[in-house]
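Asker: Let me begin by handing over the structure; questions about it come next.
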Amino acid sequence: VLVLSQPDPTRPVTHSAADVLRPHRADLWIEGNTIAAVSPPDPAPAWPEDEVETRDAAEFWILPGFVQAHVHLCQTLFRGAGEGLSLYRWLSEVIWPMEAALEPDTIEVAADLALRQLLSGGSTTILDMGTTRHTGAVLSAVARAGIRALSGPALMDRGPEAAGGLIRKGSESMAEIEDLAAQWHGYDDNRIRIALCPRFVPSVSGGLWKEMLARSDFASFPVHTHCAETEEEVADVLSLTGRSPAAYLSSLEGAQGRLKLAHAIWLSREDRADMARAAAAILHCPGSNLKLGSGLADVRALREVGLPVGLGADGAACNNRLDAWQEMRLAGYIQSLLRGPDAVEPAEILRLATVEGAKALGLEEEIGTLRAGKRADFLLLDPRADDAALGAADEVPGSDPAGRAETPEAMLVFTGSPAMVSETWIDGVCRYAKRDDGEGRGELIRRVRWARERLAGRLNR
Ligand SMILES: [Zn+2]
């Protein structure tokens with residue numbers, strides 16, 4: 001049993017405020033991989049003193065770890081490779097050929113690089129989409145890094161010539177998922193789980209959707225795909241299926257309650273209603289949407305029909321940071337632009353990156369808040385490690401004559417950064433500590449250089 005102690009709780013938290021623990025508020029009790037208590041308000045557990053290890057965490061904020069609800073670990077070596085392109089050109093000229101050139105050892109380097117950035121920025125859970133092959137290498141990297149992950153190979157059984165190197169028969173992909181599930185699904189007390197990842201409607205045939213959704217052995221796997229990212233895609237899907245992407249996906253038999261839809265920008269009112277009826281979840285990717293010029297997702301409208309919304313950085317080739325802080329900030333800016341600055345609620349945005357993200361992934365019973373019984377996935381945060389937060393209202397009590405001081409949530413959403421993350425814990429284990437940050441860095445840089453050279457060689461053959 002470990003206690004991260006915040007002695008002298010002069011202003012104890014209430015349960016409703018227990019999602020963010022500010023300094024000197026409460027003790028976080030951890031037993032194995034689980035939060036045993038947040039005290040106060042929970043009573044301190046009565047364990048024998050010699051079984052309790054107490055560590056002084058009085059100066060830290062404690063936050064639930066971030067949920068990155070849509071990422072592509074396999075794309076990290078492509079960072080910077082597709083600048084200045086919109087989605088379809090970016091896919092066909094850069095991403096598909098580069099994904100097709102990946103091999104197990106280069107994909108593993110890509111995943112290691114992504115995971116290092118995710119952990120050091122405070123992300124503790126990811127929903128990942130692989131490329132169409134070598135997902136075993138991604139999952140090995142995930143297993144080593146200690147992050148909580150749902151992942152699976154991208155499914156593509158049709159598409160334009162540019163996607164040729166990636167296209168696989170549905171039966172081959174199904175067999176690979178079977179093998180991956182046998183090896184990885186439920187690994188490390190359910191830390192790793194398999195997701196079905198049909199890339200998007202234009203690259204997956206009706207037959208393959210049907211086959212995958214009908215498999216009873218895959219029935220517990222979420223269905224992770226891209227939906228209504230660009231107007232071009234909507235037009236494409238309309239001509240292929242006679243329906244909009246949201247309507248098509250929502251109508252698929254076996255999709256009920258399983259759809260995890262990245263982007264969800266170009267939607268009609270009926271599309272939103274269809275998705276709500278299908279109990280889908282939305283994975284909002286503000287950084288990627290802005291950079292590729294795809295459009296602005298109206299998160300408020302999605303939330304109003306009851307759709308859970310999580311945040312995702314998408315891949316390093318379209319963002320270029322896998323940084324939950326940046327996604328929170330951009331999500332707030334987009335809401336301000338669409339709905340006015342008074343409609344932006346920082347506490348709500350913070351929830352998108354934590355408990356709403358957990359809900360979108362179907363993990364809200366396990367993660368997303370600091371509550372007794374949930375998994376011990378959390379961050380130790382030191383805002384003073386970032387100059388932008390020096391002198392923040394929270395640090396200088398009484399420094400707010402106008403009575404409109406930023407709330408702790410506003411500080412986190414609008415000022416927060418990876419620089420503030422001191423430690424990242426998953427399942428009660430510290431998986432990143434800033435003090436050890438130099439370790440392995442040189443070796444990783446060497447591996448990345450090697451992998452990029454190898455990738456370039458394969459592409460130019
Ligand atoms: Zn994506």
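The values are calculated or read from the model by the stated rules, or taken from the named source; none is laboratory data. Because the structure is predicted, anything quoted here is derived from the model rather than measured. Quick reminder, even Gly has a Cβ in these numbers, built from the backbone with ideal geometry, and neighbours come from all protein chains shown.
Asker: Checking the conditions here, which among R144, R168 is surrounded by fewer than 24 Cβ atoms within 10 Å (Cβ to Cβ), charged (D, E, K, R) and under 29 Å from G438 (Cα atoms)?
Answerer: R144
Asker: Looking at (1) over 16 Å from the mean Cα position of the chain (by Cα); (2) surrounded by fewer than 21 Cβ atoms within 10 Å (Cβ to Cβ); (3) farther than 23 Å from E345 by Cα; (4) within 16 Å of the ligand (Cβ to nearest atom), find the lone condition where R269 falls short.
Answerer: Just one mismatch for R269, condition (4).
Asker: Strands (runs of 3 or more DSSP E) wholly in segment 111-222 with at least 3 residues that are under 16 Å from the mean Cα position of the chain (by Cα), of a type outside the set (A, V, I, L, M, F, W, C) and on the phi < 0 side of the Ramachandran plot - which ones?
Answerer: Because the criterion is at least 3 residues that are under 16 Å from the mean Cα position of the chain (by Cα), of a type outside the set (A, V, I, L, M, F, W, C) and on the phi < 0 side of the Ramachandran plot, the strands (runs of 3 or more DSSP E) in segment 111-222 that meet it are 123-128.
Asker: Which condition number in (1) touching a residue at least 60 places away in the same chain (Cβ under 8 Å); (2) out of contact with any Phe, Trp or Tyr (no Cβ under 8 Å at 6 or more places or on another chain) is the one that S220 fails?
Answerer: S220 satisfies every listed condition except (1).
Asker: Regarding V204, is this residue touching a Lys or Arg at 6+ places or on another chain (Cβ under 6 Å) and surrounded by 21 or more Cβ atoms within 10 Å (Cβ to Cβ)?
Answerer: No; evaluated as a whole, the condition is false for this residue.
Asker: Criterion first (more than 15 Å from the ligand (Cβ to nearest atom), at negative phi, small (G, A, S) and assigned to a helix (DSSP H, G or I)) does A276 satisfy it?
Answerer: yes
Asker: Can you pull out every residue in segment 167-195 that is touching a residue at least 60 places away in the same chain (Cβ under 8 Å) and touching a helix residue (DSSP H, G or I) at 6+ places or on another chain (Cβ under 9 Å)?
Answerer: The answer is D188, R191.
Asker: Out of all the residues in segment 238-259, which are outside any loop (DSSP other than H, G, I, E, B) and more than 16 Å from the ligand (Cβ to nearest atom)?
Answerer: Answer for segment 238-259, where residues must be outside any loop (DSSP other than H, G, I, E, B) and more than 16 Å from the ligand (Cβ to nearest atom): L238, S239, L240, T241, A246, A247, Y248, S250, S251.
Asker: Given the criterion touching a residue at least 60 places away in the same chain (Cβ under 8 Å) and over 19 Å from T132 (Cβ atoms), identify the matching residue among E270, E232, E253.
Answerer: The unique qualifying residue is E232.
Asker: So, one more: Taking segment 47-102 as the region of interest, how many residues are within 30 Å of T34 (Cβ to Cβ), away from the ligand (no atom under 16 Å from the Cβ) and either within 20 Å of the chain's Cα centre (by Cα) or not charged (D, E, K, R) (or both)?
Answerer: 13
Asker: How about segment 287-326: which of its residues are part of a helix (DSSP H, G or I) and within 13 Å of the ligand (Cβ to nearest atom)?
Answerer: Answer for segment 287-326, where residues must be part of a helix (DSSP H, G or I) and within 13 Å of the ligand (Cβ to nearest atom): G287, S288, N289, K291, A316, A317, C318.
Asker: Give me the residue from segment 109-130 that is free of Cβ contacts under 8 Å to residues at least 60 places away in the same chain and out of contact with any strand residue (DSSP E or B) (no Cβ under 7 Å at 6 or more places or on another chain) and, out of that set, nearest to the ligand (Cβ to nearest atom).
Answerer: Step by step, filter segment 109-130, then rank; the result is A111.
Asker: Let me ask something else. Quick one: would you say A262 is part of a helix (DSSP H, G or I), within 15 Å of the ligand (Cβ to nearest atom), small (G, A, S) and in contact (Cβ under 8 Å) with a residue 60 or more places away in the chain?
Answerer: Spelling it out, it is not the case that A262 is part of a helix (DSSP H, G or I), within 15 Å of the ligand (Cβ to nearest atom), small (G, A, S) and in contact (Cβ under 8 Å) with a residue 60 or more places away in the chain.
Asker: Out of all the residues in segment 223-237, which are part of a helix (DSSP H, G or I) and touching a strand residue (DSSP E or B) at 6+ places or on another chain (Cβ under 7 Å)?
Answerer: E233
Asker: Does segment 29-46 hold any residues that are among the hydroxyl-bearing types (S, T, Y) and either within 16 Å of the ligand (Cβ to nearest atom) or modelled with pLDDT under 95 (or both), and which are they?
Answerer: Within segment 29-46, just S39 meets the criteria.
Asker: Here's another thing I want to ask about it. For segment 207-236, what are the residues that are surrounded by 16 or more Cβ atoms within 10 Å (Cβ to Cβ) and away from the ligand (no atom under 16 Å from the Cβ)?
Answerer: L208, W209, E211, M212, L213, F218, F221, V234, D236
Asker: Out of T106, T135, I need the residue that is of a type in the set (S, T, N, Q) and within 16 Å of the ligand (Cβ to nearest atom). Which one?
Answerer: Only one candidate qualifies: T135.
Asker: Can we say A360 is within 16 Å of the ligand (Cβ to nearest atom), closer than 27 Å to S86 by Cβ and touching a Ser or Thr at 6+ places or on another chain (Cβ under 7 Å)?
Answerer: Taking the combined requirement at face value, the residue does not satisfy it.
Asker: In addition: Among the residues of segment 408-427, are any modelled with pLDDT under 90, farther than 30 Å from A57 by Cβ and aliphatic (A, V, I, L, M)?
Answerer: No, every residue in segment 408-427 fails to be modelled with pLDDT under 90, farther than 30 Å from A57 by Cβ and aliphatic (A, V, I, L, M).
One line per residue, one yes/no per condition, for (1) surrounded by 15 or more Cβ atoms within 10 Å (Cβ to Cβ); (2) within 30 Å of E232 (Cα to Cα); (3) modelled with pLDDT under 95; (4) not basic (K, R):
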site: A26; (1), (2), (3), (4): yes, no, yes, yes
site: D56; (1), (2), (3), (4): no, no, yes, yes
site: I62; (1), (2), (3), (4): yes, no, yes, yes
site: H72; (1), (2), (3), (4): yes, yes, no, yes
site: P97; (1), (2), (3), (4): yes, yes, yes, yes
site: E108; (1), (2), (3), (4): yes, no, no, yes
site: R116; (1), (2), (3), (4): yes, no, no, no
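Asker: Six or more apart or on different chains, Cβ under 6 Å: which pairs go from a residue in segment 316-331 that's closer than 20 Å to M420 by Cβ to one that's more than 15 Å from the ligand (Cβ to nearest atom) and β-branched (V, I, T)? Could you list them?
Answerer: M328/I349; M328/V413; A331/I349
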